[in-house]
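Engineer: Pasting in a structure now, in structure tokens, and then I'll have a few things to ask.
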Amino acid sequence: MSEKEIVLSGIRATGNLHLGNYYGALSKFVKMQNDYDCLFFIADLHALTTSPDPDALHENVKNILAEYLAAGIDPEKATIFVQSDVPEISEMYLLLNMHVGIGELMRTASFKDKARKQLGLTDNGDDIEKQIIGTDSNKRVNAGLLTYPTLMAVDILIQKAHKVPVGKDQEQHLELTRRFARRFNSFYGVDLFPEPENFNFGGHAVKVPGLDGSGKMGKSEGNCIYLVDEEKVLRKKVMRAVTDEGPKELNQPLSQPVENLLTLMELTSTPEIVQSYRDAYADCSIRYGDLKKQLAEDILKVTTPIRERYQDIRSDDAYISRVVRQGAERARERAARTLAEVRQAMGIRKF
């Protein structure tokens with residue numbers, strides 16, 4: 001039994017990982033695995049809420065697994081597994097739902113936002129329940145989307161994780177997880193689940209901006225640099241990044257698009273290079289073409305080794321299968337113990 005604190009995190013199987021995933025999560029995971037008992041998984045069950053193509057889903061799982069490994073997560077140090085390979089999760093998802101209220105699920109911000117998007121609705125101030133009931137019968141919001149926070153809670157609680165790195169959009173779900181843990185422990189008079197804490201491995205959470213001049217980097221926004229982008233593709237993306245018309249006055253405040261590019265540069269370049277372009281903006285001598293070429297060059301220094309390792313790993317099905325089987329065995333061992341305790345507490349016992 002490990003004495004290290006347990007850290008758990010998962011990424012939905014919805015496409016390749018991008019620079020935001022790397023600096024916001026993966027690079028930290030690589031450091032965490034040396035000091036914590038880490039479990040990193042690919043959330044394919046969560047991905048089902050958007051009804052993905054089955055073949056695409058399977059490929060996405062393999063891609064993310066290979067990207068985890070290429071980024072430096074070591075299967076000998078951390079447990080890497082696929083969510084659906086741990087059937088105990090699905091059973092505990094059913095059992096925990098018996099202690100979760102429909103109202104508290106429908107009040108979550110993510111459910112409201114995603115339900116409206118799926119139904120093509122606008123936020124007109126009405127209750128989301130009324131909007132869902134009043135929509136065309138050919139459109140629907142699946143129950144999996146509603147109970148998404150329960151499944152996320154089970155991912156965490158079934159491994160008795162102490163720390164869970166989550167972004168701002170998932171903080172409400174983590175708070176629900178703590179609430180569900182307290183509720184279960186109190187209802188059955190047990191001390192079964194620890195209450196997990198958010199964890200960003202020290203310092204402030206990293207917000208990686210996109211290339212479109214506003215907002216953070218994200219798959220749905222189409223403003224990403226993917227870790228596996230070929231050199232030609234990556235350079236073209238950076239050269240097309242949004243800027244502005246250029247500074248008109250000395251020491252003019254940075255516009256948001258240019259601030260975004262310099263933020264990306266701060267992640268990938270040396271402090272001296274970043275400062276030189278900040279100075280150039282301040283004295284109106286900045287050349288955006290030069291800035292973008294430098295930025296592309298520095299990003300490639302980060303992504304090229306990852307992309308090359310990814311290509312080797314992705315072509316080795318035997319290695320990927322071995323990592324997945326090993327991870328599933330470890331994850332299931334702990335999950336089975338927790339599920340047995342849950343069943344015992346709830347009175348679901350063998351005769």
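Engineer: Pop the C-beta distance of residue 51 and residue 77 into the FRET formula with R0 = 30 Å and round what comes out to the nearest 0.05.
Structural biologist: The computed FRET efficiency comes out at 0.30.
Engineer: With r defined as the distance between the Cβ atoms of residue 230 and residue 31 and R0 fixed at 25 Å, what FRET efficiency is calculated, to the nearest 0.05?
Structural biologist: Computed FRET efficiency for residue 230 and residue 31 comes out at 0.35.
Engineer: Using the heavy atoms of the protein chains alone and a 1.4 angstrom probe, what is the accessible area of region 148-207 per residue in square angstrom? Intermediate results must be reported in sequence, preceding the final value.
Structural biologist: Details: 2810 Å² over 60 residues.
About 47 Å² of surface per residue is accessible.
Engineer: Can I ask one more? Please report, as a whole percent, how much of the solvent-accessible surface of the chain comes from carbon and sulfur atoms (probe radius 1.4 Å).
Structural biologist: 50
Engineer: Based on DSSP H runs of at least 4 residues, each adding -39500 (n - 2.57), what is the mean residue ellipticity at 222 nm of the chain after dividing by all its residues, to the nearest 500 deg cm²/dmol?
Structural biologist: Helices in the chain give a 222 nm mean residue ellipticity of -16500 deg cm²/dmol.
Engineer: Of 289, 310, 351, which is farthest towards the positive pole of the chain's charge dipole, taken about the Cα centre with +1 and -1 on the beta-carbons of Lys, Arg and Asp, Glu respectively?
Structural biologist: Selected residue: 351.
Engineer: Can you tell me how much longer the chain between residue 254 and residue 321 gets when fully stretched, taken as 0.36 nm per residue apart minus their C-alpha distance, in nm with one decimal?
Structural biologist: 19.3 nm
Engineer: Checking a compactness column here: for region 149-223, what do you get for Rg(Cα) / (2.2 N^0.38 Å), N being the number of residues?
Structural biologist: Region 149-223 yields a ratio of 1.39.
Engineer: Got a sec? Charge dipole of the chain, +1 on Cβ for Lys and Arg, -1 for Asp and Glu; which of 265, 84, 102 is way out at the positive end?
Structural biologist: So the residue we want is 102.
Engineer: Still on this structure, please answer the following. Taking all pairs of distinct Cα atoms, average 1/r, flip it, and tell me the Kirkwood hydrodynamic radius of the chain in Å to one decimal place. Can you show the working numbers first?
Structural biologist: Values: mean 1/r = 0.0449 Å⁻¹.
Kirkwood radius, the chain: 22.3 Å.
Engineer: Right, something else. Just to verify a number: what accessible area does residue 113 come out at with the full protein assembly present, 1.4 Å probe, Å² rounded to tens?
Structural biologist: 80
Engineer: Taking just the C-alpha trace of region 223-351, give me its Rg and Dmax in Å.
Structural biologist: My reading of the Cα-based Rg and Dmax gives 24.4, 81 Å.
Engineer: Moving to a separate point now. Where the only charges are on Cβ atoms (+1 Lys, Arg; -1 Asp, Glu), what is the dipole of region 152-215 about its Cα centre, to the nearest 20 debye?
Structural biologist: Computed about the Cα centre, the dipole is about 160 debye.
Engineer: Please name whichever of 256, 153, 200 sits farthest to the positive end of the charge dipole of region 148-292, dipole taken about the Cα centre and charges placed at Cβ: Lys and Arg +1, Asp and Glu -1.
Structural biologist: 153
Engineer: Going highest first, how would you order 329-337, 102-110 by mean Cβ packing within 10 Å?
Structural biologist: Most protected by this proxy first, the peptides run 329-337, 102-110.
Engineer: For region 272-346, give the magnitude of the charge dipole about the Cα centre (Cβ charges: +1 Lys/Arg, -1 Asp/Glu; no others), in debye to the nearest 20.
Structural biologist: 520
Engineer: In debye, nearest 20: dipole of the chain around its Cα centre with unit charges on the Cβ of K, R (+) and D, E (-)?
Structural biologist: Once rounded to the nearest 20, the dipole reads 660 debye.
Engineer: A further question follows. Any idea of the accessible area per residue across region 16-82, 1.4 Å probe, to the nearest Å²?
Structural biologist: 32
Engineer: Taking the alpha carbon gyration tensor of region 267-340, what are the square roots of 5 times its eigenvalues, largest first, to the nearest whole Å?
Structural biologist: Working: eigenvalues 427, 64, 11 Å².
Its equivalent ellipsoid spans semi-axes of 46, 18, 7 Å.
Engineer: Ranked from highest to lowest mean number of other Cβ atoms within 10 Å per residue, what is the order of the peptides 25-36, 65-76?
Structural biologist: Result, highest mean Cβ count within 10 Å first: 65-76, 25-36.
Engineer: Also: Check the straight Cα-Cα distances from residue 117 and name the aspartates and glutamates below 17 Å, setting aside those fewer than 8 residues away within the same chain.
Structural biologist: 126, 127, 129, 136, 169, 221
Engineer: Taking 0.36 nm per intervening residue step and subtracting the Cα-Cα distance, what contour gain separates residue 279 from residue 172 on full extension? It would help to have the intermediate numbers written out before the result.
Structural biologist: Working: separation 107, 0.36 × 107 = 38.52 nm, distance 4.04 nm.
Extending this stretch completely gives an extra 34.5 nm.
The values are calculated or read from the model by the stated rules, or taken from the named source; none is laboratory data. Keep in mind that what you see is a predicted model, and the values were worked out from it rather than measured. Glycine gets a Cβ as well: all are built from the backbone with ideal geometry, and neighbour counts include every protein chain shown. Heads up: the accessible areas ignore ligands, DNA and RNA and are worked out on the full protein's heavy atoms, side chains in. Shrake-Rupley method; radii C 1.70, N 1.55, O 1.52, S 1.80 Å.
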